[in-house]
Amino acid sequence: MKNGFPRGVQFTPVPDPLLASLLEEIDSLSELKLTLRVIHALHRQRKVPSSISRDELYSDRTVAAMLGASGEDLELAVDAGLAAAVNRGVFLIVGSESSTDRIFLNTEPVKRALARQGFDPESGAERAKRHETWPDTDAALPRLNAVTFYEQNIAPITPTVADNIHAALEQHPEDEVLLAIRTAAEANVRSWNYIAAILRRWATEGRPEELDDEGDGTTRRDLQKDRSDEFYEEYLKRQRARGAH
């Protein structure tokens, strides 16, 4: 690494608190190293919510090297680092302290996804399935994850777009991301940049009212309002400024 990072090097997004207030609290280098390694592994996956198991960490050569341990000592070191990170609120673990436990980043979108799958995000235990009466046929349909929803409604997924969607889900609730994708599809704008612009506007101006009213992210927005000339021209202006065609 004497020559620095090469051209086209990949980046992994890290939650800001981990580089600020939490960084001040963490006094164990092993915990910090393990936390960064887990975040890297989660980011490399192309699904939401992403997770890894203890087994994957036990068999990770980089984990063994950075902790300077092997065998039972390595497992104890990994378990101790994970326990500290969970207590700090960085990760959620679903399971019962076995090697097949699933480790998740502790974010609101992840907790919502786990709740829909029948798990209690706070305790990590599977909840009893409850039968629900759906208000209409559309609401009863299985929810698609954002990556699949983008691919079915906008364009084939690329690694860059998948990374952008993953990053967006760390910053916005999943229902907002799905609705932004739907809005772009209805406006016939096949661009992630347009979707990102919608999410930025909602972050500035406030959450879409119908999401708070309906809660399922499937309602149809007022297309004229969302694709106003002013908003669309602003999007095009940004694209031209970036040299896009």
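What to note about this one:
- Computed E for R201/A20 - FRET, C-beta separation, R0 25 angstrom, nearest 0.05: 0.40
- Spin-label model distance (nm) - T148 vs K2, 7 Å beyond Cα toward Cβ: 5.0
- F119 long-range amide H proximity, modeled H, under 5 Å: R127
- By average C-beta atoms within 10 angstrom, highest first, the peptides 16-24, 187-195: 187-195, 16-24
- Between S28 and A155, the FRET efficiency estimated from the beta carbon spacing at R0 = 35 angstrom works out to 0.20.
- Net charge dipole, the range 1-107: roughly 740 debye, given to the nearest 20, about the Cα centre with Cβ charges of +1 for Lys and Arg and -1 for Asp and Glu.
- Modelled this way, with points 7 Å down the Cα-to-C-beta line, the labels at E186 and E56 are 3.6 nm from one another.
- Here the simple spin-label model places points 7 Å from the Cα toward Cβ, and for A83 and H40 these points are separated by 2.5 nm.
- Judged by the mean number of other Cβ atoms found within 10 Å, the most tightly packed of the peptides 71-79, 87-95, 177-185 leads the ranking 177-185, 87-95, 71-79.
- In sequence order, the range 33-40 has phi-based couplings of 4, 5, 4, 5, 5, 5, 4, 4 Hz under the Karplus curve 6.51 cos²θ - 1.76 cosθ + 1.60, θ = phi - 60°, and Gly or Pro positions carry x.
- For the range 26-116, the equivalent ellipsoid derived from the alpha-carbon gyration tensor has semi-axes of 21, 13, 12 Å in decreasing order.
Where a number appears in this text, it was derived from the coordinates with a stated rule and is not lab data. Nothing here was measured: the structure is a model prediction, and the numbers come from that model. With ideal geometry, Cβ positions are generated from the backbone for all residues, glycine too; neighbour counts draw on all protein chains shown.
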